[in-house]
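Working notes, beginning with the structure itself.
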Amino acid sequence: MTLTADSDFESLLEHMRESRGFDFGGYKRTTLVRRVGKRATELGMDTFAAYHDYLQGNPDEFPILFDMILINVTEFFRDPQAWTFLREKIVPLIIRKNTNIRVWSTGTASGEEAYSAAILFCEAMGPENFLRRVKIYATDVDEEALSKARAGYTAKDLETVDPDLRTRYFEPLGGRFAFRSSLRRALIFGRHDLMQDAPISRLDLLVCRNTLMYFTSEAQGRILARFQYALNDDGFLFLGRAEMLLTHASLFAPVDLKQRVFTKVPKLQLRERLLLLAQAGNTDADNHVTRQLRLRELANEGGPNPQIVVDAMGMVVMANHAGRRTFDLGPGDVGRPLKDLEISYKPIDLRTPIDQAYRDRRTVTMPYIEYPLTDGTFKHFEIHVVPLLDDEASVVGVSVNFVDVTALTQVRAELEKSKQEVETAYEELQSSNEELETTNEELQSTVEELETTNEELQSSNEELETANEELETTNSELQAMNSEMRSRTEEVDQLNTFLHAITGKIAIGAVVLDSDFIVHVWNEQAAEMWGLRADEVIGQPFFALDIGLPINDLRNLLRSVARGQPPTDLVVVEAVNRRGRSVTCRVTASTLPGGRETGGLVMLIEELKRENGG
């Protein structure tokens, strides 16, 4: 029976979150239902409500359930080609660029990937530099898995590690193999929930392999945003083969998509620059003249864009050639107050942005200002009012720059016209692109589901391999037992043959019984006396035989002998042989050599000759 998600399942998730702090809200529901349902079915339960009750009453069930949900299937250097690419291309780059290296292996399970990364860096830079420069953080939500990472590994766990690396980096510890204690202090293991806990920051390498595929698309987006924040601008993200990031190109760019290595896309930062510095004189008059001369030196007379320079007293101290021609300024206008000139308010009021530049000590920009020319045409300017600072960082004036954006404005108008013409086509393309993205999301989800199923199959296969090894051991033991039984059977057959050879030649009836008085030997003379063949008697209880011998009269004799007590007298009984004649028989019994109570006994029956007339 297949269990399906319902309100009982949500109650079960709520119980796990409240009692143990595990929040599976970001995990894919199909995977959760399948894994939890499998565990419930193993326990013989057909509803999530029943399993919820069982979990409340059995706290020891939590580690088993979490281990089944999280599927801690991992190994050293899993996907060797990807680790080879990391060793040859990425690790050397990180070592060259950074003095102190920080690595985070998240979703590390039992720690194999964290130790694999440690081996790569240690091989590349040597143990001494590794301990001095590298710090590796290994985290997982599963405490049981982290305990295994700290305790060490079995020889089978290390099969994928090169023998030379295995010898140099692992040392025996209590029947297991632990990472070399001298290097172990470079690694820090701890519990971390990707959905709830803050990320580790300033990272040069972030290893997260085959972990994101268990989360929903929304949860993956939140986690990747945290990863982007955690990495340095030149840091690298190393994912598993089922994780593509095709829909997160704004956060990460592929270094090698096949090997699933990505780099962070840094955000652009705006920079403010100080343009010019003025140098003051000694006297007040000299200061005024010196400032004006300094401003003229700093101005760009031959620049292509109009420019005027105004000192801190509001006087126009310079207008370049393009400024004079564009705004019809004459030689007499230089040295006049700006407020007396038409340029102070046309094409726009300059006094307000100049005051703001003085006050804020930063450039003030006014985009796309239209200015009518005398010939009836228009020009468009982007005006930048830049404060000018002297050596003591005092504002001594401003430079007003009119950047001609007329051509750009015309291009923008043409682009707007073109945009209108292609609007319909663009919308259709966008619609098609959205459909393709949806299809891609579905395909990626399918790939992740298949990878999850593959992980489950691999886990089941490992369990089957373990069971198969146990069965092979049991089979070997059974074969050994079977061989021993055949040997003993052959010995018994030889003994029976020997007994038959002996008893078949004597002239008296011989019967061999085991400790339960079951007939094992019935010689030819006994068959002659009582009319029953050996194949009719062997295997039958002696006391149940229907023959002319008074068996009940012999019962005490046989039991006494079987207990190891020798009879005091021979027993003579009257019997009737197979021909119906009355005969007198002498019966003796003795145990087999080494018999005692657990062995058998031999009974001899001798017919006594009657005297004439007797």
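Read the figures in this text as sums done on the coordinates, not as results from a lab. Everything numeric here is computed off the predicted structure, so don't read it as measured data. Quick reminder, even Gly has a Cβ in these numbers, built from the backbone with ideal geometry, and neighbours come from all protein chains shown.
Against the main long axis of the alpha-carbon atoms of the chain, helix 7-20 sits at an angle near 80°. By the count of other C-beta atoms within 10 Å, a proxy for reagent exposure, Lys148, Lys264 are ordered fewest to most as Lys148, Lys264.
Note on Leu495 and Leu93: their simple-model spin labels are 8.1 nm apart, each label 7 Å out from Cα toward Cβ. Per residue of the chain, the DSSP helices (runs of n ≥ 4 H) give a summed -39500 (n - 2.57) that works out to -14000 deg cm²/dmol at 222 nm.
Of all beta bridges that DSSP places with both ends in the chain, some 75 percent have antiparallel geometry.
Here Leu478 and Leu443 are evaluated by their C-beta separation; at R0 = 51 Å the FRET efficiency comes out at 0.50. Simple spin-label estimate for Leu471 and Ser181 gives 4.3 nm between the two label positions (7 Å along the Cα-to-Cβ direction from each Cα).
A value for mean projected area of the Cα convex hull in nm² was derived from the coordinates, and within the list [x] 31.0; [y] 37.0; [z] 54.3 it appears as [z]. Of the peptides 86-92, 204-210, the ranking by mean beta-carbon count within 10 Å, highest at the top, reads 204-210, 86-92. Of all DSSP-defined beta bridges confined to the stretch 80-264, some 40% are antiparallel rather than parallel. Annotation: aspartates and glutamates with alpha-carbon distance below 12 angstrom to Lys38 (same-chain offsets under eight excluded): Asp46, Glu456. As a calculated quantity, the FRET efficiency between Val265 and Asp23 at R0 = 30 Å, using C-beta atoms, amounts to about 0.55.
The dipole here belongs to the stretch 385-486: it is taken about the Cα centre, uses +1 on the Cβ of Lys and Arg and -1 on the Cβ of Asp and Glu, and is about 680 debye. Working ranking of peptides 313-322, 410-419 by packing, defined as the average number of other Cβ atoms within 10 Å per residue, highest first, is 313-322, 410-419. Distance between the 7 Å Cα→Cβ label points at Leu408 and Asp375: 2.3 nm. Dipole of the stretch 414-573 computed with +1 at Lys/Arg Cβ and -1 at Asp/Glu Cβ about the Cα centre; of Leu457, Leu478, Gln494, farthest Cα towards the positive end is Gln494. List the aspartates and glutamates whose Cα sits under 12 Å from the Cα of Lys28, skipping any in the same chain fewer than 8 residues away. In chain and number order, the partners are Glu218, Glu448, Glu449. Packing, taken as the mean count of other beta carbons within 10 Å per residue, orders the peptides 448-458, 171-181, 471-481 from highest to lowest as 448-458, 171-181, 471-481. Projecting the Cα atoms of Ala425, Leu173, Val411 onto the charge dipole of the chain (Cβ charges, centred on the Cα centre) puts Leu173 farthest toward the positive pole. Basic side chains Lys and Arg get +1 at the Cβ, acidic Asp and Glu get -1 at the Cβ, and with that the dipole of the chain about its Cα centre reaches some 1900 debye. If R0 is 60 Å, what FRET efficiency do you get for Asp256 and Asp340 from their C-beta distance, rounded to 0.05? E(calc), rounded to 0.05, equals 0.35.
Residues Thr30, Thr588, arranged from fewest to most other Cβ atoms within 10 angstrom of their Cβ, appear as Thr30, Thr588.
Checking the Cα-Cα distances for Lys89/Lys264; Lys346/Lys379; Lys346/Lys417 against a 20 Å cut-off, the pairs over it are Lys346/Lys417. Can you grab the distance from the C-alpha centre of the stretch 532-592 to the C-alpha centre of the stretch 422-496, Å, no decimals? Each part reduced to its Cα centre gives a spacing of 66 Å.
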